[in-house]
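Structure first, commentary second.
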């Protein structure tokens, strides 16, 4: 491993060599499969971790809105001739911060505020695309996602977001969860609700936009919501909820990639189906042990 | 105890709260005295909870809320404990009572577990509130009375100077209400915080409060419980529904401050 070099290939080749030893299977042999695995393991677990407070705050629609506004970010990037990845992230953060800061300042419920921003953003995206013919092909990769087409540079970018999310979770988790339990109580305990909510929204936007490359705009909410919902079915404490959610995400990422290799199905969608299967099992467990 | 006998711990002067162009509270003057139980009474929509939120600094207001304390009791901002009216908890939330304590006290994220200090403080305050066995119970499984105790234990953990209780006995049955009031008076005797209690239940107020603040968007009256809760004042607050008062007085036994010099 050549740590001295900052070139993405140099760093990743070391990681790939390690993966060859840990995963000596046929499916993990091609480099694109290793990248797909890395992409999913770097984005799905942090998405699932954020999903726990997200579900507690009933913000599933919010993450969906960020995912869909990413579509506009990509369209803007292509139109302006800059990397769509960057415009997608920037636009996602912008929409997230806007929703989080407007929410609660109007007499409207939060899903209404999200609905307004969400449809405006998507309408803007469609308007931008309609001016340029031939743009749609470019967007397809973002709409459906494809972890098999992730580049080395994107892997490193996902790794950076992974580290950032871990830091944010460390400093933000208690406050965002307490806010989700009872806002007035959290405020009385000194939680600055607005700034915590806006920071959380921005972190969610980062994770959503990072995960879009793997599972696509249409399915990205699944990575946040399904593992967290699974955890909620079976967890009793805050710690177990987070670790079960993260575990379900990591398992689904791995199992989904393997299954898609053997079944020749779209990788992102297969990962989401694996998570859904985990959810089904957890629902059965809950039904079998209602008191558990 | 004598040092702060007649010190006003909280002075509220000309407090006005507006929301959406409507005055929810206007020109309130009131004092909350050290070590006493002050009840806030008034009909629905009188601004009782808003008064608590103003003291907590959670709603914008004009006027003054001043905290004073005797020099020997230390300096700095007052520690205000708050027990909200009811936690509208999501019953499926995977959060235990212990998690709830950890969430509001420790820096370490709860998914890495509670620190030893947190665990010990949690156990001690839960035991003090008589609910030591509930630490591992999910919040959604608590009964109304248990939740009340847990919230109260949490508010007491930080040894508050002032404790704000919003409708402490709502959602609790009569026996539970009696137990809670007895427990409250015991703890308050031991710790001598000032207690500000919002209640619509005049029997609780007449039995346990030293002083009463009657609100109906304005200050209707305030003073010692026995002097203030007159049929005339109640009529001014609730309309002509003064029969509430007679009902409330039917069994006036036990006083929160029995045996204390006043």
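Quick notes on this structure:
- GNM top mover of A:231, A:90, A:222 - chain A, alpha-carbon springs below 10 Å: A:90
- Whole-number percent relative contact order across the range A:26-217, with pairs defined as alpha carbons under 8 Å at least 6 apart: 38
- Label-point separation, residue B:58 to residue A:123 (7 Å along Cα→Cβ), nm: 3.6
- Pairwise label distance in nanometres, residue B:189 with residue A:86, each label 7 Å out on the Cα-Cβ vector: 7.1
- Residue B:108/residue B:158 FRET efficiency (R0 22 Å; Cβ-Cβ; nearest 0.05): 0.80
- Put in line by how crowded their Cβ is, counting other Cβ atoms within 10 Å and starting with the fewest, A:257, A:155 read A:155, A:257.
- Residue separation of residue B:124 and residue B:178 scaled by 0.36 nm, minus their Cα-Cα distance, works out to 17.1 nm of gained length.
- As a rough footprinting exposure proxy, the listed residues A:128, A:55 were ranked by other beta carbons within 10 Å of their own, and the order from fewest upward is A:128, A:55.
- Overall form of the range A:222-292 per C-alpha gyration tensor (a/c, 1.5; a/b vs b/c): prolate
- Normalised Debye scattering of chain A at q = 0.10, 0.15 Å⁻¹ gives log10 I(q)/I(0) of -0.54, -1.18, counting only Cα atoms as equal scatterers and leaving out solvent.
- Rounded, prolate or oblate (a/c below 1.5 giving rounded, otherwise prolate when a/b exceeds b/c) for the protein assembly as shown by Cα gyration tensor: prolate
- Exposure proxy shown here: for B:167, A:29, the number of other Cβ atoms within 10 Å sets the order, fewest to most, as A:29, B:167.
- Helix-only CD estimate at 222 nm, as mean residue ellipticity for chain A, using -39500 (n - 2.57) per DSSP H run (n ≥ 4): -27500 deg cm²/dmol
- Taking a ≥ b ≥ c as the square roots of the eigenvalues of the alpha-carbon gyration tensor, the range B:89-158 is classed oblate because a/c is 1.5 or more while a/b is no larger than b/c.
- The distance between label points at residue A:13 and residue A:286 comes to 4.9 nm (points 7 Å beyond Cα on the Cα→Cβ vector).
- Relative contact order, percent, the range B:16-146 [alpha-carbon distance under 8 Å, six or more residues apart]: 18
Values in this text are rule-based calculations from the coordinates and carry no lab data. Since we're looking at a predicted model, the values are computed, not measured. Ideal geometry is used to build each Cβ from the backbone, glycine not excepted, and the neighbour counts take in all protein chains shown.
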